[in-house]
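Each remark here refers to the structure printed beneath this line.
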Amino acid sequence: MIFQLKSLPKKNIDPEKWDKCVFDNKALIYCKKQYLDIMADEWFGIVLNNYEAIMPICIKQKFGIRYGYTPAFVQQLGLIGINKLTTTNELLNALKKEILNIARYGDIQFNYKNLFATAFCETKTNFIIDLSNNYEHIYGNYKNDLKQNLKKAAKEEFIYTTTSDVEFAVDTYKNTYGERMTNILEYDYLNFKKLCTQLATTNNCIVRQVLNKQQEVLAIALLLVDENRIYNIANSNTALGRTTEANHFLIDNILQEFAGSGLTFDFEGSDLPGVKQFYQKFGALNEPYYHWHFNELPWWIKWIKK
């Protein structure tokens, strides 16, 4: 295979060719140029030939040193357009060289299709449900304790409804979990609101919520939607909702609404035991992705860092 790799700053990337590669390869929504432009401090695109394959590398700088990182509200990026059958050692070596030309230190998340990454990466957990099936089939895979929780929730007279209030959904997520996620900064939330507001105009961002009879929000989910997936990217369960299994009710109703759509419901994680168990109750399957930490800094910088 004859190939030419080049690294381009985002301003030099052809947006139509980039997004066409994302679309043609059914890549994840985080890889779209619009998403990266808003959520990443700065990013480069590694491009194979005439955008036959691409890979975004997001970077920050500290003390004048560029390092790779994964932006807030981005789970996995990685190589797009090359599968395991056409990935050669020569190409992988060239790819690593390009990555290190951009940043010699950092963390990169390769996507679930990048099976070659198992050789040098840590495996991370991500759960999905196939929405090609009807709701009865999906419900049949639920764990018994989830079915019991849904029966309990049914007695509460919950209201499952839509809202267009993207800002409220993001603020609820921040207020509920922000203290735990210290890596997400204030400007990340602002950027995410901007992104979601834009995506909502094309129905690529939707919000579903559960209310009680007093119209109080018990659970809310901000979902991103593309041609292939629904992403459970910001799901919040309020203190009141936790006592009444409202989030079980919310996810169940989302799955019921989109059952038979042919999309994939992406839970967006997780390796946290409690969250992992919650997703597994819905019969979700693990679709792993891959985390690569690399450090090719000069020895004297490594010594200073220590």
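The values are calculated or read from the model by the stated rules, or taken from the named source; none is laboratory data. Keep in mind that this is a model prediction, so the values were computed, not measured. Every residue, glycine as well, gets a Cβ built from its backbone with ideal geometry; the counts of neighbours run over all protein chains shown.
Pull out all pairs, ordered by first then second residue, where Cβ-Cβ is under 6 Å, the residues are six or more apart or on different chains, the first lies in segment 87-106 and is without any contact (Cβ under 8 Å) to a residue 60 or more places away in the chain, and the second is not in a helix (DSSP H, G or I).
Ala103/Ile59; Ala103/Arg66; Ala103/Tyr67; Ala103/Gly68
For segment 200-224, which positions are in contact (Cβ under 8 Å) with a residue 60 or more places away in the chain and within 22 Å of the chain's Cα centre (by Cα)?
Asn204, Leu224
Which residue is nearest to Asn232 (Cα to Cα), if the candidates are limited to segment 134-155 and must be crowded, with 17+ Cβ neighbours inside 10 Å and in contact with a strand residue (DSSP E or B) (Cβ under 9 Å, 6 or more places away or on another chain)?
For segment 134-155, the residue satisfying everything is Ile138.
I'm checking my understanding of the structure. Among residues of segment 1-41 that are of a type in the set (Asp, Glu) and surrounded by fewer than 18 Cβ atoms within 10 Å (Cβ to Cβ), which one is nearest to Glu186 (Cα to Cα)?
Asp41
State all residues of segment 34-72 that are touching a residue at least 60 places away in the same chain (Cβ under 8 Å), out of contact with any Asp or Glu (no Cβ under 7 Å at 6 or more places or on another chain) and not in a strand (DSSP E or B); if no residue qualifies, say none.
Gln34, Tyr35, Ile38, Met39, Pro71
Tell me whether segment 181-196 contains one or more residues that are surrounded by 14 or more Cβ atoms within 10 Å (Cβ to Cβ), touching a Cys at 6+ places or on another chain (Cβ under 9 Å) and modelled with pLDDT of 95 or more.
Yes, that holds for at least one residue.
I'm checking my understanding of the structure. Among residues of segment 115-133 that are under 28 Å from Ile251 (Cβ atoms) and crowded, with 21+ Cβ neighbours inside 10 Å, which one is farthest from the chain's Cα centre (by Cα)?
Selected residue: Leu131.
Of the residues that sit in segment 257-268 and are under 14 Å from Leu28 (Cα atoms) and not polar (S, T, N, Q), which one is modelled with the lowest pLDDT?
In this case the residue turns out to be Glu268.
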